[in-house]
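These notes concern the structure reproduced below.
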Amino acid sequence: MNFAPKIKLEIFEGPLDLLLHLIKKNEIDIRDIPVAIITKQYMEYLELMRFLNLEIAGEFLVMASTLLYLKSLMLIPREGDESDEEVEDPRKELVERLLEYKKCKELAEKLEQRSLKNRDVFVRESFDLNIKNESLVDISLFDLIDAFKRVIERSRVSEIFEYVDDDIKIKDVMLSIVEKLKNGGRQFDDLFDVNCTKQYIIATFIAILELAKNSLIRISQFEPFGSIYLYLLVDPEICKNAINEMEDEIG
Amino acid sequence: MDRDTLKAIIEAILFVSGKPVNLDRLKDVIGEDKESIKSALQQMIDEYRKDTRGIEIVEVAGGYQMRTKTNLSEYVKNYLQVKPSKLSRPAMETLAIIAYKQPITKSEIEYIRGVDSSGILRALLERKLIRIVGKKDVPGRPLLYGTTKEFLELFGLSDIRDLPTLKDLNEISGGQENFFEQGEDVFIEPDGRGKNNL
């Protein structure tokens, strides 16, 4: 696969985010994390991110080694279990970090709910507003990867025989996505044909990220783990022009 | 000066200012004592609350500011033809950490978030939502960050002490998970006087 470019996501989220995502998804008690299960799932995500050519920051690997270390500690039968000595849970530090981080996320949400200037309320200076929208992705990267995983799984059949078409151009895929979205929002899954090749699925995924990065589409989810929807943010023709003007390096 | 004239003057000043105007400034300009200005303002705040008004007077960043009402945002946005200003999730998170734990260093922020935060800090500095407040007295003398007046304005806070506290938060989430039981004082006293702050 030589068409896949390296993608650096602007909505960067870290290993703690991923762990919280997994904990929530598995409905696990944060204070009693089944290390083996979580480590396995964490590794699967890293694998998937690597497969998608997403840049995996060093922090993710540090956390991976921490998890593996914890997993090994959990396997060792604890001596002194019967004695009066309290043996410290090896997960303690990680749990504390996760709780602290979760707390911060909740505080951030709480701030987000306030009436924000230039979003909910305006003052006289707002006239010459021309603020660049920083993020058009309302969902987390991991939700998106989950959705991607489902599409890949659905198309397993194609692994048996695959005609490799090296000529997929991300730009073309972007144009076809715009075409599909021009009459209104669509579900993420709808953008993938059941019979399409793995290459095409990956190209579509990258095209979606690229469109979001360029503020052409919005990616939203209305409920946790619900369907993901995509919408055009600008007129389809303007969108197509913008895509055509993009540099060829992503093609 | 009678009360109605005073209210009219205050209204005119707040209208042209756009920025929050504090009591001292109003006193200097109008020449009345702070007490009467404050009580006139209080009355005005109540009057503007009526549904027939599209503007309200809000105490923000240590002063008073006229703002459009939240429920009218759709119309105002339509008129101004602007994209709503939005902070990305990581930016919001970083801002929350700084707000509640200030003064705080970059490495302390990164320990909490688990990721490199240089880019976000730069962006927040550029938007003037945070500023460098000093250097921490530890080897390397790293920079300490804190929030700004613009931060208070953005979130419609009168003072940093008005930040939502964890107690509110706990009530909202139903307190089903008692995260804050072991919490540090830092979070409860956002004004930088928590005992775990430097």
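The values are calculated or read from the model by the stated rules, or taken from the named source; none is laboratory data. Just so you know, these numbers come straight off a predicted model, no measurement behind them. Here Cβ is always computed from backbone atoms with ideal geometry, including for glycine, and neighbour counts include all displayed protein chains. Accessible surface areas use protein heavy atoms only, side chains included; no ligands, DNA or RNA. Shrake-Rupley method; radii C 1.70, N 1.55, O 1.52, S 1.80 Å.
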Kindly provide the set of residues from segment A:37-62 that are modelled with pLDDT under 85, under 13 Å from the mean Cα position of the chain (by Cα) and in a helix (DSSP H, G or I), ordered by number. A:Leu48, A:Met49, A:Arg50
Could you check segment B:2-29 and list, in sequence order, the residues that are at negative phi and not in a helix (DSSP H, G or I)? B:Asp2, B:Lys19, B:Pro20, B:Val21, B:Asn22
I'd like the full set of residues that are open to solvent by 40 Å² or more (accessible area, probe 1.4 Å) and not in a loop (DSSP other than H, G, I, E, B), limited to segment B:126-165. B:Glu126, B:Arg131, B:Ile132, B:Val133, B:Lys135, B:Leu143, B:Lys149, B:Glu150, B:Arg161, B:Asp162
Residues being open to solvent by less than 10 Å² (accessible area, probe 1.4 Å) and under 21 Å from A:Leu20 (Cα atoms) - total across segment B:101-112: 1
In segment B:63-116, how many are at the interface with chain A (Cβ under 9 Å from one of its Cβ atoms), closer than 25 Å to B:Ser158 by Cβ and not in a helix (DSSP H, G or I)? 9
So, in segment B:1-48, how many residues would count as being open to solvent by 40 Å² or more (accessible area, probe 1.4 Å) and away from chain A (no Cβ under 14 Å)? 24
Breaking point among (1) in contact with a Gly (Cβ under 9 Å, 6 or more places away or on another chain); (2) modelled with pLDDT of 90 or more; (3) under 26 Å from A:Leu16 (Cβ atoms), for B:Leu154: (1)
Select from segment A:17-75 the residues that are open to solvent by 50 Å² or more (accessible area, probe 1.4 Å) and of a type in the set (A, V, I, L, M, F, W, C) and list them in ascending order. A:Ala36, A:Ile37, A:Met43, A:Phe51, A:Leu61, A:Val62, A:Leu68, A:Leu73, A:Met74, A:Leu75
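Which one of these is assigned to a strand (DSSP E or B) and in contact (Cβ under 8 Å) with a residue 12 or more places away in the chain: B:Glu56, B:Glu32?
Working: B:Glu32 fails: assigned to a strand (DSSP E or B).
Exactly one residue qualifies, and that residue is B:Glu56.
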For segment A:110-122, pairs from a residue that is more than 7 Å from chain B (Cβ to nearest Cβ) to a residue that is part of a loop (DSSP other than H, G, I, E, B), with Cβ under 9 Å and 6 or more apart or across chains, are A:Gln113/B:Pro164
